[in-house]
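Since every read-out is calculated from the coordinates, none of them should be taken as a lab result. This is a predicted model, so every value here is computed, not measured. A quick note on method: Cβ atoms are made from the backbone with ideal geometry, for glycine too, and the neighbour counts reach across all protein chains shown.
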Amino acid sequence: MTINWGTRILLLYVGFVALIGLLVWKSMHTKVNLVTEDYYAQELVFQKKLDAERASSLLAQKPVVSLTPKEIIIFFPPGFSGKNIEGHLQLYFAPDAALDRQFEHLQAHDGQISIPRKYIAQLKYTAKLSWTCEGTTYYQEYPLNLQAS
C-alpha cells in the first residue's frame, strides 16, 4: 500500500499538532514552586538581609547547628550568653515549597534554641537562621541534612 504525498503531509501536520497539544497540556500540569510567594516584598528588604549577613560575618564565633534524633539545637557563641536572643528559623526545601518549615519567635535559653523534629520531614534543607540580640540582627544559612541523623 502506498500513501500519496498529500496524505503524508496531513499525517505530519496532525502529528505535529498532537505533539504541541501534548506539550501544552504537560506544561499546564507541571507544578512550579517559587522561592517565595512574596518575592517583590522581600526584594525591598534585601538590604536588611545583607546588613544582617555582614553583622554575622564579623562575629568571631558563629552559631552552631547540632542535630539529635529528637531535636535541632542551635548553640550561640559564649559572647551571647545571658543576653536576650530572639530567633527565626526557616527550613527551606528547594524542590517542594509544601515541605518548607517556619519557626518564628524562638527564644534562646542558656544560649541555645531547641526545635523538636517530630513534624519535620527527613530531607536535605537549607536552614536560614535570623536572630536579633541587643538591637542587632544577624543572618546565616546552613546546609542541614536531616536524613543522615
Practice problem: May I ask for the Rg/Rh ratio of the chain, computed from Cα atoms with Rh as the Kirkwood radius, given to two decimals? | Solution: 1.31
Quiz item: Quick one: how many lysine pairs in the chain have C-alpha atoms under 16 angstrom apart, if they're 8 or more apart or on different chains?
Solution: 5
Quiz item: So how tilted is helix 46-57 from the main axis of the chain? Cα-based, degrees 0 to 90, rounded to 10.
Solution: 50
Self-check item: Acute angle (nearest 10 degrees) that the helix 5-28 long axis makes with the longest principal axis of the chain, alpha-carbon atoms
Solution: 20
Quiz item: Sorting Thr137, Thr36, Thr2 on the 10 Å Cβ count, fewest up front, what's the list?
Solution: Thr2, Thr36, Thr137
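In segment 1-43, which trypsin sites (Lys or Arg not before Pro) are in a loop and have at most 12 other Cβ atoms within 10 Å, using DSSP for the loop call? Write down the numbers at each step before the final one.
Numbers: sites: Arg8, Lys26, Lys31; in loops: Lys31.
Here the sparse-neighbourhood loop sites are Lys31.
Whats the longest run of the chain with zero GluC sites (Glu not before Pro) that are DSSP loop and have at most 16 other Cβ atoms within 10 Å? Mind showing how you got there, number by number?
Values: sites that count: Glu37, Glu134.
Maximal segment without exposed cleavage sites: 38-133.
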